[in-house]
Amino acid sequence: MVVSSGSWRADFERLWEQLAPIGRSASGGYYRLAWTEADLACREWFVATAAGLGLEVEEDGNGNQWAWWGTPGPGALVTGSHLDSVPGGGAYDGPLGVVSAFLAVDRLRAAGARPEPAVAVVNFTDEEGGRFGLACAGSRLMTASIPPERLLARRDPDGVTLADAMARAGRDPAACGPDDARVARIGTFVELHVEQGRQLVDLDVPVGVATAVWPHGRWRVDFAGRGDHAGTTRLADRRDPVLPLAHTVIAARRAAMERDAVATVGRLATVPGATNAIASRATAWLDARAGTAEAARRVVADVEAAARRAGAHHHVEVSLEEESWSGGADFDLGLRARLAAAVKDRLGTVAELPTGAGHDAAILAARVPSAMLFVRNPTGTSHDPAEHAELDDCLAGVDALTAVLEALR
């Protein structure tokens, strides 16, 4: 078993302090959207950190970064997460897993372990989908979960396509797509992540093992009405698309409560977006998640029905489009047991818990044995600057991940 050293605390703090300023706004939130300057700076940090540890770095055609200890080949043990963020997100979502992965590999090396099989630290690109609207883009492309042409044509709010954004960053969008050879190298993938909730807080446990990722998806709901003047148009003459949109937001909350699910409308847009004008169009983006795919789908069906009823009442046309869907993942019971045993042996305690948050590990689980560790978040808040993990819990996470990698070798 790898023995902890006081120097590891300083190592964690050093890496964290290097990464922390990148993409941080004056409000404290992070803007590390895919293929922006902040994202490219995070990628440079990844390369520099890997080089400092003597790891060989490569970037695949989908933009995922790999830092190898040993010769890449079948049966490789892979760990890591992502470095991008949602708009205004927290510091720990993603980066904690990458920093912890680098330190865990360094601990194994310091203890005299050999890279047999090879070990890789990975930074998956655009996990959050904060710019182009599709989460886990890098892992989806690599595992053939989405046609590359569909994703490359997606536009950000400024109208820039993913293909253009990659080209501006010096990458070849034509290289995007399935990478079966790379997937075949992976023997096991383990992702460490800050918990995006407060189950570990309630259980008073610093590190947990994921049992499952809930099925989840994103839908765009468009409302087409008629633009007009806010001061001269009688209420009875209006075709205001914002009114059925408002009914739809309430319907999402009601449907989620009835289906034991969660549903969120966290993004809205109106055209033209003027205070003194009735909108001609309005759009809402719905996020729905549940313990089963059927429950999540039923939430969406309930919301769509409510939107169409409200649209008919206000003489507004309604359309709904699925932008992404993930069936979630039930992580392999045997692999989970090995993780739980390793963590309990190292820390003396462990918890097992499901999550409603999506992760690259859930995408990879359809192709390779995959598992997840969670580190306690005392605020229970995520996708917000209040997201947090105490340093001692972060170090416990590194300890747990080191023990897991050691056990899986």
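May I ask for the Kirkwood hydrodynamic radius of segment 246-292, worked out over all distinct Cα pairs and given in angstroms to one decimal?
About 11.9 Å, per the Kirkwood formula over Cα pairs.
In segment 211-253, which trypsin sites (Lys or Arg not before Pro) fall in coil by DSSP and have 15 or fewer other Cβ atoms within 10 Å?
Loop-located and lightly packed - ARG234.
Return the label of the correct value of Cα extents along the principal axes in Å, as calculated from the structure shown, out of (1) 66, 62, 51; (2) 94, 63, 41; (3) 78, 46, 40.
The listed entry that was calculated here is (3).
With charges only on Cβ, +1 for K and R and -1 for D and E, what is the dipole size of the chain about its Cα centre, in debye, rounded to 20?
For this selection, approximately 780 debye.
Convert each backbone phi in segment 261-275 into a coupling constant with the Karplus relation 6.51 cos²θ - 1.76 cosθ + 1.60 (shift: θ = phi - 60°), then list the ³J(HN,Hα) values in order as whole Hz, x for Gly and Pro.
10, 10, 9, 9, 10, x, 9, 9, 8, 10, 10, x, x, 9, 5
Magnitude of the Cβ-charge dipole of segment 19-137, K/R +1 and D/E -1, about the Cα centre, nearest 20 debye?
It works out to roughly 340 debye.
If you average the alpha carbon positions of segment 275-289 and of segment 182-250, how far apart do those two centres end up, in angstrom?
First find each Cα centre; the distance between them is then 14 Å.
Looking only at the chain, where both bridge partners belong to it, what percent of the DSSP beta bridges are antiparallel (to the nearest 5)?
70
Treating the beta-carbon of each Lys and Arg as +1 and of each Asp and Glu as -1, no other charges, what is the dipole magnitude of segment 292-364 about its Cα centre, to the nearest 20 debye?
Charge dipole, segment 292-364, about its Cα centre: 340 debye, nearest 20.
How many nm is it between the label spots at HIS229 and ARG155, if each spot is 7 Å from the Cα in line with the beta carbon?
3.1
Going toward the positive end of the dipole of the chain, with +1 on Lys and Arg Cβ and -1 on Asp and Glu Cβ, which of VAL271, GLN199, ALA175 do you reach last?
So the residue we want is VAL271.
Quick check: pseudo-label points 7 Å beyond the Cα along Cα→Cβ at ARG9 and ALA269, how many nm apart are they?
That separation, rounded to one decimal, is 4.8 nm.
Enter the angle in degrees (range 0 to 90, nearest 10) between the Cα long axis of helix 333-347 and the first principal axis of the Cα atoms of the chain, meaning the one along which they spread out most.
Around 60 degrees separate the two axes.
Set the Förster distance to 35 Å, then compute FRET efficiency between ALA407 and THR381 from the Cβ-Cβ distance, nearest 0.05. Can you show the working numbers first?
On the way: r = 32 Å, r/R0 = 0.90.
So, using R0 = 35 Å, E works out to roughly 0.65.
Name the residue from ALA340, ALA255, VAL300 whose Cα lies farthest towards the positive end of the charge dipole of segment 207-351, charges +1 on Cβ of Lys and Arg and -1 on Cβ of Asp and Glu.
Toward the positive end, the furthest listed residue is ALA340.
Amide H neighbours of ASP384 under 5 Å, at least 5 residues apart or on other chains, H built in the peptide plane: list them.
Amide H neighbours of ASP384, under 5 Å, 5+ apart: GLY90.
Which residue, GLY231, CYS394, MET166, has the largest displacement toward the positive end of the dipole of the chain when charges sit on each Cβ (Lys, Arg +1; Asp, Glu -1)?
GLY231
Test of understanding: extend the Cα→C-beta vector of GLU294 to 7 Å, then name every residue of segment 236-256 with backbone N under 18 Å from that spot.
So the set is 256.
Using only the alpha-carbon atoms, how far is helix 242-259 inclined from the longest principal axis of the chain? Give it as 0 to 90 degrees, nearest 10.
Computed tilt is about 50 degrees.
Based on the Cβ-Cβ distance from GLU56 to VAL183, what FRET efficiency comes out when R0 is 22 Å, to the nearest 0.05?
0.70
Just so you know, all these numbers are worked out from the coordinates, no wet-lab data involved. If you're wondering where the values come from, they're calculated on a predicted model, not measured in any experiment. Note that each Cβ is placed from the backbone with ideal geometry, even for glycine, and that neighbours are counted across all protein chains shown.
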